[in-house]
1. Under the classification rounded if a/c is under 1.5, otherwise prolate if a/b is larger than b/c and oblate if not, where does the range 257-319 fall, given a ≥ b ≥ c as square roots of the Cα gyration tensor eigenvalues?
2. Roughly what percent of Cα-Cα pairs across the range 51-149 reach past 23 Å?
3. Mind ordering 60-72, 263-275 by average Cβ neighbours within 10 Å, highest first?
4. Assuming 1.306 mPa s and 10 °C, estimate D for the range 126-266 with Stokes-Einstein, Rh taken as the Kirkwood radius over Cα pairs, in µm²/s.
5. Using a 7 Å offset from the Cα along the Cα-to-Cβ direction at both Ala308 and Ser115, what is the distance between the two label points in nm, to one decimal?
6. Label the range 61-117 by shape, choosing from rounded, prolate and oblate, from the square roots a ≥ b ≥ c of the eigenvalues of the Cα gyration tensor; if a/c is under 1.5 it is rounded, and otherwise prolate applies when a/b is larger than b/c, oblate when it is not.
7. Please calculate the 1.4 Å probe accessible area of Tyr38, with all protein chains present, and give it to the nearest 10 Å².
8. Hey, what number do you get for the chain at 222 nm if only DSSP H runs of n ≥ 4 count, each worth -39500 (n - 2.57), divided across all residues, to the nearest 500?
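The values are calculated or read from the model by the stated rules, or taken from the named source; none is laboratory data. Note that the coordinates shown come from a computational prediction; the quantities given were computed from them, not determined experimentally. Every residue, glycine as well, gets a Cβ built from its backbone with ideal geometry; the counts of neighbours run over all protein chains shown. The accessibility values were calculated without ligands, DNA or RNA, using every heavy atom of the protein model including side chains. Shrake-Rupley method; radii C 1.70, N 1.55, O 1.52, S 1.80 Å.
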Amino acid sequence: MAPLAGFECVFMPLRPGTGSRLRKAYEYVRQFFRTLGYLRTRRPSVVWVQLPQVPLLWAALAYRFLFAKNTKLVADCHNSMFRPPWSRVPAGIRLLSRCDLILVHNDAILTTALSMGLPRDRTLVLEDVPPSTTGAAEGALPAALVGMPRPWVLFPGSFSADEPVAQLLEAARLLHGGTIVMTGRTQRAARNGHDLSRVPPNVLLPGFLSVEDFDALLKACDVVLALTRFDGIQLSVCNEALGFGKPMVLSDTPLLRAMFSEAAVMVASDDPIALAAAIERAASEGEHLVASATRLAVHRRRAWLEGAFGEVRRQLARA
């Protein structure tokens, strides 16, 4: 959203090696005070916090209470904010009501948020927006991908419980050609029930990539997969793929069909045979799907600026 809305984005990721609860707690405390210090130095008039993680909300509220009572706070809530474990964090959902605006990403999550007691007059839907440029930073492709057969099929994942990983691995075995790249931290796979012990040779697992390397991979690939077993999840990669003008294969959930079906091949992603056929169809219809993705990206950016984001601006002006 930054190029369209004029944000300054500041990311404060947890340092690697924070697996234990004690070390993770220490890291959250450290980042809490880093955030307070940053806000005191910059003194912004409006602060957007991307949630989860919940301690970021606490830091923003503490900054406003202690140092700048006129600061406006916007909580940009991803879907996981309203599901365990984050929905159970004390002083999490309850403190959202102290923000000037609470944003969710689709109508299904809006219903969930309102049912949890959030104020109707300050809780709005602001969908993701496609990137405003098809350019990408000069990152590096995974070395193992060089020389692999095309089409290159990118599945940007995180090995979360909602991802049909087993079905995609089986679909890879059924493909008549091409290479599938599944990004994300493989260390998370086992605890979410994904077995990576027998990965086909046409599947690459490069792990977690930097923004620059991920953008380079997204720019180079031929097909993008956005797969989930759950409805109500608006996968961010859908808009990323639109911004880069890429053919897509999407899980055929009601939400994704309503938002993106005109620029994608929809598929029952729990069926490996259907998934393999959809990937091959998207690759063969690449030219048509690229044109559709480009048109839809332009339309969604315009609608976002004139519609939902315009309403956010009006609400903040009145706050």
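1. Cα axes put the range 257-319 in the oblate bin.
2. 41 percent
3. Ranked by mean Cβ neighbours within 10 Å, highest first: 263-275, 60-72.
4. 103 µm²/s
5. 2.0 nm
6. It is prolate, given that a/c is not under 1.5 and a/b is the larger ratio.
7. Result for Tyr38: roughly 70 Å² accessible.
8. -12000 deg cm²/dmol
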